[in-house]
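What follows is a single structure, written as structure tokens, with notes after it.
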């Protein structure tokens, strides 16, 4: 088993090399380049400075790291963050990190196969095939980093859950891998893990016909859920002020996959038909799983396999649930775009087919099986042709290649054995991956952000203080997407964090609804053409413009969005400043009297109140206040749930201005009182308590497991030891 584990590892590395030959930036595209790598740098810098970056107020919508995909309570992610500031080539760093997680994911699939009695060789085939499956390769690995990491931990949780219920392992691996899955801070792996556990529980009830193993698994899983609750409590309790809102079900067709498409899994040329950003026919084979998956069904001895249905029922149930999910509804609360669960379907089908091949594969009645395989390949071609008839010849060549590879595997299996057949099955995956990635170039997902942070920082203006950019990413042409072009002057997504600059603009998939509406700011930091007027228009209740309420030092204006702005007089208190070499893309406004972001803390307005900042941290503002007749203090802080205010230690209510800026009403007669405004993640006390409870619970389960194992160790004179699982079940129950 260890040997085939090494084969799995080296197979993933070979697959990565094949992909990189086709596109050196494949693992540094879309959200990886625009969100994750720069986020890692920003978080890592805070951690190195001794700050745990739950909240960064100056980043406004993108500054609440408990809302997005920061993974603040995930130890491996924190290690990634800590290393990130020391690495200049962020594309190389992202590729290496993703390779590590792809190996972890592949070994997890390998372990699932072994847990269900699969042969090591075929389990390795499943493990290597998974990182090269369509959606996981083109989206989760190329772009959506937290989907990759969450899935990598989930598959190990699955294998550990099966081993635990069958008495070959303890509860701690289940707890650890489930906690790592949950704490990636991405909702899809957490929900998928819950469905996986449900499938395992039902499957083991069917297989073992005893409830005690399922009870143990339920308790261990519950402990992991309690420990991981702190990850999602803040976002759950803050949902009402975000773009996503609270729970709702919407049945739209965007990124929902018809069942016929998601089952067309073995033709490498398949370009499925469903609605996405690129129209109806997709430019990438996202429903592809593995070239052998469907034709191999013809070489399973189904008479013998029928006897194993109970043992494998959990895998089939999980695959069915994921297949149902891919077809919709389009949004269930924060769970949108069902296409995201295609990797889960791939895992279920790869494990199921490879376990069946390892245990019940046969070459008997070879002519009939060859005909059946040919029919299956023909059906694949018909389905693929129906979705994308324009490339019918390319699909025909792909079908012929699959058939030829199948013949080669069968011949090798008959003459050289299973290991040789599996070796050819694996080797064939690498040129297929190369052709698929090469054919999808230029990738429609790329932002083409700079690979080296040093190059980007050298080209970018040295903007000190707090800056907001008013720009629209859609106005950047392909020729301008370089550090010599627009990326030497403009930031989008989390690019500013990688430059180590303080910008309001950042990447936020959740967003603060009211602040976003106030500035018409979108998820990538882009704004609408009315943003310039809004920035300098007086806010109704304070009479101050947003630039003052936000305590901004600089406004960067994109010339393509505001071509006439620099020709107009600067707003009162501001001046146009020239930055040679950047005039093509931006015009820059700065304050005439110098920066204000460092003046009087984060107090941005004091009406009928004398307010003097005493100290500031990202989470707390301490202010000395006096007010004879009562008034209000407004802070340059976004009104996320979680703020608390005290006056001389006694709680005091607070409100918001424009539903965005935190404000505190000061009572009349206040004299030299200390106002303290503090933010903590909503539900943090509950989260810490449940984490402690989860750790205590898993500790108890582990103690019971060890105690039971000791009792089950027979003495030399004991000819009839008790059944291990029954002893442990008695201890738990």
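List of remarks:
- Taking the listed residues 698, 686, the one that is over 30 Å from residue 60 (Cα atoms), in contact (Cβ under 8 Å) with a residue 60 or more places away in the chain and surrounded by 13 or more Cβ atoms within 10 Å (Cβ to Cβ) is 698, with no other qualifying.
- For residue 453, the conditions (1) under 28 Å from residue 12 (Cβ atoms); (2) free of Cβ contacts under 8 Å to residues at least 60 places away in the same chain; (3) within 28 Å of the chain's Cα centre (by Cα) are fulfilled apart from (2).
- So residue 359, is it farther than 21 Å from residue 133 by Cα, assigned by TED's automatic domain parsing to the domain that holds residue 153, part of a helix (DSSP H, G or I) and touching a residue at least 60 places away in the same chain (Cβ under 8 Å): yes
- Of the residues making up segment 371-384, those that are farther than 10 Å from residue 295 by Cβ and buried (at least 18 other Cβ atoms within 10 Å of the Cβ) are 381, 383, 384.
- Any hit, segment 569-589, residues being without any contact (Cβ under 8 Å) to a residue 24 or more places away in the chain, part of a helix (DSSP H, G or I) and not assigned by TED's automatic domain parsing to the domain that holds residue 663: no
Here's the yes/no breakdown for (1) in the same structural domain as residue 184 (by TED's automatic domain parsing); (2) surrounded by fewer than 20 Cβ atoms within 10 Å (Cβ to Cβ); (3) touching a helix residue (DSSP H, G or I) at 6+ places or on another chain (Cβ under 6 Å); (4) under 24 Å from residue 551 (Cα atoms):
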site: 32; (1), (2), (3), (4): yes, no, yes, no
site: 37; (1), (2), (3), (4): yes, no, yes, no
site: 40; (1), (2), (3), (4): yes, no, yes, no
site: 43; (1), (2), (3), (4): yes, no, yes, yes
site: 47; (1), (2), (3), (4): yes, yes, yes, no
site: 72; (1), (2), (3), (4): yes, no, no, no
site: 76; (1), (2), (3), (4): yes, yes, no, no
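- Sub-6 Å Cβ pairs linking a first residue in segment 402-422 that is on the phi > 0 side of the Ramachandran plot and not assigned by TED's automatic domain parsing to the domain that holds residue 288 to a second residue that is at pLDDT 95 or above and surrounded by fewer than 16 Cβ atoms within 10 Å (Cβ to Cβ), at least 6 apart or interchain, number zero.
- Residue 280 outside any helix (DSSP H, G or I), free of Cβ contacts under 8 Å to residues at least 24 places away in the same chain and within 27 Å of residue 133 (Cα to Cα): yes
Each row is one residue, and each column tells you yes or no for (1) under 28 Å from residue 124 (Cβ atoms); (2) at pLDDT below 95; (3) over 26 Å from the mean Cα position of the chain (by Cα); (4) not in a helix (DSSP H, G or I).
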{"residue": "328", "(1), (2), (3), (4)": "no, yes, no, yes"}
{"residue": "354", "(1), (2), (3), (4)": "yes, no, yes, no"}
{"residue": "363", "(1), (2), (3), (4)": "yes, yes, yes, yes"}
{"residue": "371", "(1), (2), (3), (4)": "no, no, yes, no"}
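- Every residue from segment 535-558 that is in contact with a helix residue (DSSP H, G or I) (Cβ under 7 Å, 6 or more places away or on another chain) and in a loop (DSSP other than H, G, I, E, B): 539, 542
- Long-range neighbours under 8 Å by Cβ, at least six apart or interchain, first residue farther than 15 Å from residue 164 by Cα within segment 190-211, second outside any helix (DSSP H, G or I) and at pLDDT below 95: 191/335
- Residue pairs meeting the criteria (Cβ under 7 Å; at least 6 apart or on separate chains; first within 14 Å of residue 256 (Cα to Cα), in segment 311-324; second surrounded by 18 or more Cβ atoms within 10 Å (Cβ to Cβ)): 322/341; 322/344; 322/345; 322/348; 323/262; 323/345
- Residues within segment 583-598 that are under 21 Å from residue 549 (Cβ atoms) and touching a strand residue (DSSP E or B) at 6+ places or on another chain (Cβ under 7 Å), tallied: 6
- Screening 226, 217, 205 for residues that are in a helix (DSSP H, G or I) and under 18 Å from residue 705 (Cβ atoms) leaves exactly one candidate, 217.
- Where strands (runs of 3 or more DSSP E) fall entirely within segment 608-665, those with at least 2 residues that are over 20 Å from residue 514 (Cβ atoms) and not assigned by TED's automatic domain parsing to the domain that holds residue 543 are at 610-616, 620-627, 643-647.
One line per residue, one yes/no per condition, for (1) over 28 Å from residue 236 (Cβ atoms); (2) part of a loop (DSSP other than H, G, I, E, B):
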residue	(1), (2)
5	yes, no
10	yes, no
16	yes, no
21	yes, no
39	no, no
50	yes, yes
60	no, no
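- Residue in segment 472-491 that is under 26 Å from the mean Cα position of the chain (by Cα), under 27 Å from residue 186 (Cα atoms) and buried (at least 24 other Cβ atoms within 10 Å of the Cβ) present: yes
- Qualifying residue in segment 180-187 (condition: on the phi > 0 side of the Ramachandran plot and assigned to a loop (DSSP other than H, G, I, E, B)): yes
The values are calculated or read from the model by the stated rules, or taken from the named source; none is laboratory data. This one's a predicted model, so the numbers in the text were calculated from it and none came from an experiment. Backbone-built Cβ (ideal geometry, glycine too); neighbour counts: all protein chains shown.
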